[in-house]
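Peer 1: Quick one: the structure is below, and I'll ask about it shortly.
Read the figures in this text as sums done on the coordinates, not as results from a lab. Here the structure is a predicted model, which means the values were calculated and not measured. For neighbour counting, all protein chains shown are included, and Cβ atoms are generated from backbone atoms with ideal geometry for every residue, glycine included.
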Amino acid sequence: MPGVAMPRKTAANAMIAPQGGSKVGARDQLTITVFGVEDLSGKFPVAVDGTLNYPHLGALRVVGMDPTQVAATLSAKLKEAGLLLNPQVSVELIQTANKKVFVTGAVRTPGQVPFAGDLTLFEALALAGSATSEAGDLVLVMRASGAGQSPEGNVIEVSRSEIENGRMDRNVALQDGDQIVIPRAQQVFISGQ
């Protein structure tokens, strides 16, 4: 972005895509089963602020947890509250395509890419129809600022050819609201005799 000084990161020091299970996100839905207790079982939405409003326990922060962690937390809270002696809890995560990134520049299908769960840069580029023949090698992931960051946010620079050639250690885990820009390659003209 011309005229704006933004901190830059390379893919080497950015958050690399996790290889494990899915994590709970805002606006996901959880199917919770407390064995033998129908009143505490059912489908529960996760609020925009990342909390689950659960009967008798109130709002519990669950965003970022996997289903096993949510089950363990609910089990412990139900026991602490004296509601059950040995609660057996299972949690199933039903993710919705409630997050989005924006892909612009030299791609076949620029625009919004909705996703549920986790999304990597490689996957987002594939969903955007991949890069055009005019694309340069550089990919910019512009991330909105968060707590402790500069107001302009930050920019992560990634080599497209590296991730396309299997360097998955360069594959950035995307976050809701990220903007991905693939600039066109610079043209060089040679004239002579």
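Peer 1: Can you work out the FRET efficiency for the pair Arg61 and Phe189, with r the C-beta to C-beta distance and R0 = 45 Å, to the nearest 0.05?
Peer 2: On the way: r = 57 Å, r/R0 = 1.27.
Working from the Cβ atoms, E equals 0.20.
Peer 1: Right, here's the next one. Sort 127-134, 68-75 by packing, meaning the average of other beta carbons within 10 Å per residue, with the highest value first.
Peer 2: Descending mean neighbour count gives 68-75, 127-134.
Peer 1: Okay, next question. Mind putting a number on the dipole of the range 33-182 about its Cα centre? Charges go on the C-beta only, +1 for Lys and Arg and -1 for Asp and Glu, and I need it in Debye to the nearest 20.
Peer 2: In debye, rounded to 20, the range 33-182 gives about 220.
Peer 1: Could you work out how far apart the two model spin labels at Leu127 and Thr68 are, taking each label as a point 7 Å from the Cα in the direction of the beta carbon, and quote it in nm?
Peer 2: 2.6
Peer 1: Same structure again: Using 1/(1 + (r/R0)^6) with R0 = 35 angstrom and r between the beta carbons of Leu138 and Lys100, what's the FRET efficiency to the nearest 0.05?
Peer 2: For R0 = 35 Å, the calculated efficiency reads 0.95.
Peer 1: Using Cα pairs under 8 angstrom and six or more residues apart, how large is the relative contact order of the range 36-193, in percent?
Peer 2: Relative CO of the range 36-193 lands at 19 percent.
Peer 1: With point charges of +1 on the Cβ of Lys and Arg and -1 on the Cβ of Asp and Glu, referenced to the Cα centre of the range 79-193, which listed residue (Val188, Gly166, Met142) lies farthest in the positive direction of the dipole?
Peer 2: Farthest towards the positive end: Val188.
Peer 1: Once you order the gyration tensor axes a ≥ b ≥ c over the Cα atoms, which shape class does the range 38-119 get: rounded for a/c under 1.5, otherwise prolate or oblate by comparing a/b with b/c?
Peer 2: prolate
Peer 1: At R0 = 45 Å, how high is the FRET efficiency between Glu164 and Leu85 if r is their beta carbon distance? Nearest 0.05 is fine.
Peer 2: With R0 = 45 Å, the Cβ-Cβ based efficiency is 0.25.
Peer 1: With a point put 7 Å past each Cα toward its Cβ, work out how far Asp39 is from Ala116 in nm, to one decimal.
Peer 2: About 3.1 nm separates the two model spin labels.
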